[in-house]
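Below is one structure, written out as structure tokens; the observations come after it.
Rule-based calculations on the coordinates, nothing more; no lab input. Just so you know, these numbers come straight off a predicted model, no measurement behind them. We place every Cβ from the backbone using ideal geometry, glycine too, and count neighbours over all the protein chains shown.
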Amino acid sequence: MLARSAQGLYWMSRYLERSEFIARLLELQTRALVDRPLAEIHFGWRRIYGSLGISPPAGDLEADHSDDYALADSYTLAGDLTFEPSNPNSMRSCFAAGRENARQMRHCISSGMWMNLNLAWLDIKNLDIQDIWAREPEAFYAGMVRTIKTFDGFAAATMYRDEGYQFLRLGAFIERIQLMTALVTTHCRVPEGAGDHEWTSLLRACQALDAFEGVHGMERKPERILALVIADPLLQGSLLGSLTSAGSCLDALGTEAGSPDTAAAARRLVGRMTARVVYDWTDSTDRLRLLDEIAREARDLHGLVTGAWFEYATGERQA
Amino acid sequence: MTGNAYDLDETFHDEMYGADGAPRDHYRLLDDALQALPGSELALIQDRVRRSFAEEGISFTVYGDEEAQERIIPVDCIPRILTGEEWQQIEAGLTQRIDALNRFLGDVYGEARIIADGVIPADLVRGCPQYRIEMRGMTVPHDTWVAVCGTDIVRTTDGFMVLEDNLRVPSGVSYMLANRAAVKSNLRRLYRRHQVRDIGNYGEVLRDTLASLAPEESDDPCIVLLTPGVFNSAFYEHMFLAREIGASLVEGRDLLFDGGQVFMRTTRGLRKVDVIYRRIDDDFIDPLVFRPDSLLGVPGLMNACKRGNVTLANAPGTGVADDKSVYAYVPDMIRYYLGEEPVLPNVRTFLCRRPEDLEYTLDNLENLVVKRVGESGGYGMLVGPHAKPDEREAYARGIRDNPADFISQPVLPLSRAPCLIGEHLEPRHVDLRPFVLRGRSTRIVPGAFSRVALVKGSLVVNSSQGGGGKDLWVLES
């Protein structure tokens, strides 16, 4: 497969994964605006910005405002995170970048995948925050999550299981590993600390609430929540689940790469990251540090994938 | 459909109606259907067809318009219909023409007999900016210089004639296929009753054509489509065709030259390329041979091409045969190489490089269409009757300064076909661009990108100038 096409598929799914992640958090946040206390609302905004590694447009958030201020702030922040074109981390910017990659790689994806993305793009490309704010913004975000999930479903149902499919999945899993580690780290580091509702909202953000209730019932202890979203191999979206899936993509790709040594290094790295979660998480005395290290390794993994298959030095190997 | 008076004008051949206002035989079914449908219903069909283009993202880019990177090409839902007999004439004329043009290219880059025999002036050929001296002495597989040709054909009251040949990187075939898909699914019963000839195998024929041009016999040659990139006006088409023919869509940066061969950078290392269907102009193909500032091409590509290790389709230098001045000599080429009379005539053309033609052109500017020989896509053109006096005067100064850069032609009374404007049928001028594929043999799928000037009275059908497309139905009989 043409290296640039593979790279396009990889980035397409990374951007869409990020777009879905933002939509999911914003859905939770806009629901919280209806009836949650101000402190929790501020917690939510900090967690979103912290997960994305960026700051709010007007600097640090103040938690001592009145309700009116909080709602006005929320309107601005939601606009920034949803539609702001100058914010590369806004939901629409990420969706646009994913869709643009898809447009350039339409010959590598199925028509169902393209149509799903393009129809959604036609719907949202001219929207502004005021268009969704007055009427059930959470429904809008839920719709975006559904669109991207449908895209994944089309991909699973229609794509030929060749390298292209593996790169598409690999992009999504690497993005998810980075976002998951950032989300959990931020969640645990927000100064005022998380309450019961915030822990429940973390489960929702990780799409793990139903699974949690199925396994543990209604008693939502933080320790159990973290164990599920980080280290439970049966939860597809857990950090461990994402690492395992990324590993299986790399297994499928093998070492037949532009740079075979780098491909092998990528596989070894995922193995090490997986082992950290499996063997170190439970007994670790400094879990935040462990997550930081995994986050750094996830960035390294991206570099190795790029160097192995997309941007290797020419002359290394002829197919 | 009632309530509108379709404006018949005997100056123009109307594709659907005869001079007496009655539908032509092969349009009867369509006319019956249109009469039975209320205008509002037709408008809904039009809307569905246009929306399907937006939903599919069938777009083109207008240069110089930053907002229009993904402009959706306008489409009219009323098909244009040709009889089997009419198509036979077009097919025969195009087959004859591409044969002569390929022989001409082999000749002017070889022995140049046509020049030695005085059929065409040497300076017209060798002074043409599209003449590539680098191609002299080169041979190409099956003597195919032009593998893909898009010929613009118009109809006047005198019949069909060729307006121009596009022998470099002709575009529009994806719109031909998209128009068909959209119109077919919205006029289902009508389409079935018409027994329209199928065009769905274009991708397969194109792939066969390109594969037949591979340097070495191979069951599965590596074919790539070379695009200038996503900002090119025809990027949608490049992507579409790459998918249709199962080729990788590459940019110059994806290819590299090594040891006399061209390689593509794949995820698994470098893979040798056999055939490059290039959708990039000659100037940008290879910075070592043509424009040194080109970032779009591949340094060394021409070297591999000259060694016969990779085939470029179309070959560089084919533009000399579709130059607007050289065009005037195509009928002579047909007579010279094939010993036949042209099946499809040319439009009468005045070459301003000839003093008598220059004088005629300047004296009759208000009645002529004047074109710059190096331009295409409707750019740099003066339509005399529609131009203001000061525009004509400014253009005349340009002609006097560089006469050889201009040709002129009479304003053609292009035929008109019914289009849905609002909820009514109105006539608009049309042409058609069939696509001729030439590998070991010549093949033409029975269809065309039928272009239409959607602005009332306009004769300019180019999509970059406000034109749109129609589906063209070629009937079995």
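For GluC sites (Glu not before Pro), the sites in the range B:118-220 that DSSP calls loop and that have at most 13 other Cβ atoms within 10 Å are B:GLU216, B:GLU217. Largest first and in whole Å, the equivalent-ellipsoid semi-axes of the range A:122-210 read 28, 23, 12, each the square root of five times a Cα gyration tensor eigenvalue. Annotation for the range B:325-356: trypsin sites (Lys or Arg not before Pro) lying in DSSP loop with at most 13 further Cβ atoms inside 10 Å of their Cβ are B:ARG348.
In a shell of Cβ-Cβ distance under 12 Å around B:ILE280, excluding B:ILE280 itself, what net charge do Lys and Arg (+1) and Asp and Glu (-1) give? Net of charged neighbours comes to -1.
Other residues lying with their Cβ under 12 Å from the Cβ of A:ILE225 contribute a combined charge of -2, Lys and Arg counting +1, Asp and Glu -1. Residue-wise HN-Hα couplings along the range A:158-175, as the Karplus relation 6.51 cos²θ - 1.76 cosθ + 1.60 with θ = phi - 60° gives them from phi, are 10, 7, 5, 7, 9, 4, x, 5, 5, 5, 4, 5, 4, x, 4, 5, 5, 4 Hz; Gly and Pro carry x. Farthest towards the positive end of the charge dipole of the range A:139-283, among the residues A:GLY254, A:PHE167, A:THR186, is the Cα of A:PHE167, using unit charges on the Cβ of Lys, Arg, Asp and Glu.
For the range A:1-42, GluC sites (Glu not before Pro) meeting the loop criterion (DSSP other than H, G, I, E, B) and having at most 15 other Cβ atoms within 10 Å: none.
Within 10 Å of the Cβ of each residue in A:1-8, the mean number of Cβ atoms contributed by other protein chains is 6. As a proxy for reagent exposure, ranking B:LEU241, A:LEU290, B:LEU338 by other Cβ atoms within 10 Å from fewest up yields B:LEU338, A:LEU290, B:LEU241.
For the range B:426-477, the calculated P(r), taken from all Cα-Cα distances in 10 Å bins from zero up to the bin holding the longest distance, is 25, 40, 26, 9, 1 percent. Along the axis of the charge dipole computed for chain B (Cβ charges of +1 for Lys and Arg, -1 for Asp and Glu, origin at the Cα centre), the listed residues B:MET161, B:TYR337, B:ALA22 are led at the positive end by B:TYR337. Given B:LYS272/B:LYS470; B:LYS324/B:LYS470; B:LYS388/B:LYS456, which pairs have Cα atoms separated by over 29 Å? Violating the 29 Å limit, Cα to Cα: B:LYS272/B:LYS470. Counting other Cβ atoms within 10 Å as a rough exposure proxy, the listed residues B:SER450, A:SER111, B:SER463 run A:SER111, B:SER463, B:SER450 from fewest neighbours to most. Based on the Kirkwood approach, the hydrodynamic radius assigned to the range A:220-264 is 11.9 Å, with every pair of different Cα atoms included. Convex hull volume per residue, computed on the Cα atoms of chain A, equals 135 Å³.
Both the radius of gyration and Dmax for the range A:159-259 are 16.0, 50 Å, in that order, over alpha-carbon atoms. In the range A:105-163 the Cα-Cα distances spread across 5 Å bins starting at 0 as 4, 17, 24, 21, 13, 10, 7, 3, 1 percent of all pairs.
Projecting the Cα positions of B:ASN232, B:CYS305, B:ALA315 onto the charge dipole of the range B:232-318 (unit charges on Cβ atoms of Lys, Arg, Asp and Glu, taken about the Cα centre) puts B:CYS305 furthest along the positive direction. Each residue of the range A:272-281 was assigned a 3J(HN,Hα) from its phi angle through the Karplus curve 6.51 cos²θ - 1.76 cosθ + 1.60 (θ = phi - 60°); the sequence is 5, 4, 4, 4, 4, 5, 5, 9, 9, 4 Hz, with glycine and proline shown as x. To the nearest 20 Debye, how big is the dipole of chain B about its Cα centre, given +1 on the beta carbon of each Lys and Arg and -1 on that of each Asp and Glu? Taking the Cα centre of chain B as origin, the dipole is about 1000 debye. Can you give the translational diffusion coefficient of the range B:81-143 in µm²/s, computed by Stokes-Einstein from the Kirkwood radius over Cα pairs at 20 °C and 1.002 mPa s? Calculated translational D: 158 µm²/s. Does the protein assembly as shown come out rounded, prolate or oblate, given a ≥ b ≥ c as the square roots of the eigenvalues of its C-alpha gyration tensor, rounded meaning a/c under 1.5 and, failing that, prolate meaning a/b above b/c? It comes out prolate by the Cα gyration axes. Once the other residues with Cβ under 14 Å from the Cβ of A:GLY237 are scored (Lys, Arg +1; Asp, Glu -1), what is the net sum? After counting each charged neighbour, the total is -1.
Taking every DSSP helix (H) stretch of at least 4 residues in chain B, weighting each as -39,500 (n - 2.57) and dividing the sum by the residue count yields a mean residue ellipticity at 222 nm of -8500 deg cm²/dmol. A Cβ-based charge dipole, computed about the Cα centre of chain A with Lys and Arg at +1 and Asp and Glu at -1, lands at about 1060 debye. If you take every DSSP beta bridge fully contained in the protein assembly as shown, what fraction is antiparallel? Give it as a percent rounded to 5. Roughly 75 percent of the DSSP beta bridges within the protein assembly as shown come out antiparallel.
Rounded, prolate or oblate for chain B? Axes are the square roots of the Cα gyration tensor eigenvalues, ordered a ≥ b ≥ c, and the cut-off for rounded is a/c under 1.5. It is oblate, given that a/c is not under 1.5 and a/b is not larger than b/c. By the beta-carbon count within 10 Å of each Cβ, the least crowded to most crowded order of B:PHE290, B:PHE231, fewest first, is B:PHE231, B:PHE290. Across every pair of non-identical alpha carbons in the range B:115-182, the mean reciprocal distance, once inverted, gives a Kirkwood radius of 15.5 Å.
What you get for the protein assembly as shown, charging only the Cβ of Lys and Arg (+1) and of Asp and Glu (-1), is a dipole of about 1480 debye around the Cα centre.
Pairs of Cα atoms nearer than 8 Å and 6+ residues apart set the relative contact order; for the range A:61-191 it is 20 percent. Judged by the gyration tensor of its Cα atoms, with axes a ≥ b ≥ c, the range B:231-296 is oblate; a/c meets the 1.5 cut and b/c is at least as large as a/b.
Per-residue ellipticity at 222 nm, computed for chain A from helices alone with -39500 (n - 2.57) per DSSP H run of at least four residues, works out to -23500 deg cm²/dmol.
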